[in-house]
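Here is the structure we will look at.
The values are calculated or read from the model by the stated rules, or taken from the named source; none is laboratory data. For clarity, every value in this text was computed on a predicted model and none was experimentally measured. Here the Cβ positions follow ideal geometry from the backbone for every residue, glycine too, while neighbour counts run over all protein chains shown.
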Amino acid sequence: MDSLLSELDVRGLPPPEPFEHIMHALPALPVGVTLRVLIHREPYPLYAELQGMGYAWQTSALPDGHFAILIRHAQ
């Protein structure tokens with residue numbers, strides 16, 4: 001895993017705001033930094049976008065019912 005971490009909390013925002021915030025954050029994400037996104041539901045449409053843009057991700061369900069998505073540049 002990358003050594004640096006940035007966090008974006010979009011829990012509770014109405015659609016399409018979570019997607020828009022994530023898309024806005026990605027161009028500024030340096031190589032070697034992982035973006036941790038906290039979100040209230042699993043954003044399936046995001047995954048196709050990430051793949052097409054050259055990002056790798058890992059999604060984990062959190063105990064409170066939310067999700068954490070770790071996004072980084074694919075190597």
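If PRO14 meets every condition in (1) at negative phi; (2) at pLDDT below 95 apart from one, which number is that one?
It fails just one condition, (2).
Hey, can you tell me all the residues within segment 1-49 that are among the charged types (D, E, K, R) and part of a strand (DSSP E or B)? I'd like the intermediate steps shown before the answer.
Here is the first cut: in segment 1-49, the ones among the charged types (D, E, K, R) are 2, 7, 9, 11, 17, 20, 36, 41-42, 49.
Residues satisfying the conditions are GLU7, ASP9, ARG36.
Can you report the number of residues in segment 14-55 which are surrounded by fewer than 11 Cβ atoms within 10 Å (Cβ to Cβ) and hydrophobic (A, V, I, L, M, F, W, C)?
The qualifying residues number 3.
Sort through GLU20, GLU7 and tell me the only one that's over 15 Å from LEU70 (Cα atoms) and among the acidic types (Asp, Glu).
Just one listed residue meets the conditions, GLU20.
Is there a residue being touching a residue at least 40 places away in the same chain (Cβ under 8 Å) and under 12 Å from the mean Cα position of the chain (by Cα) anywhere in segment 16-24?
Yes - at least one qualifying residue is present in segment 16-24.
Any residue in segment 45-61 that is more than 15 Å from VAL33 (Cβ to Cβ) sitting within a Cβ distance under 7 Å of a residue that is among the acidic types (Asp, Glu) and buried (at least 16 other Cβ atoms within 10 Å of the Cβ)? List the pairs, counting only those 6 or more apart or interchain.
none
Restricting the search to segment 56-75, which residues are within 20 Å of GLU17 (Cα to Cα) and surrounded by 12 or more Cβ atoms within 10 Å (Cβ to Cβ)?
We begin by selecting, within segment 56-75, every residue within 20 Å of GLU17 (Cα to Cα); these are 57, 59, 65-71.
Matches in segment 56-75: TRP57, THR59, HIS66, PHE67, ALA68, ILE69, LEU70, ILE71.
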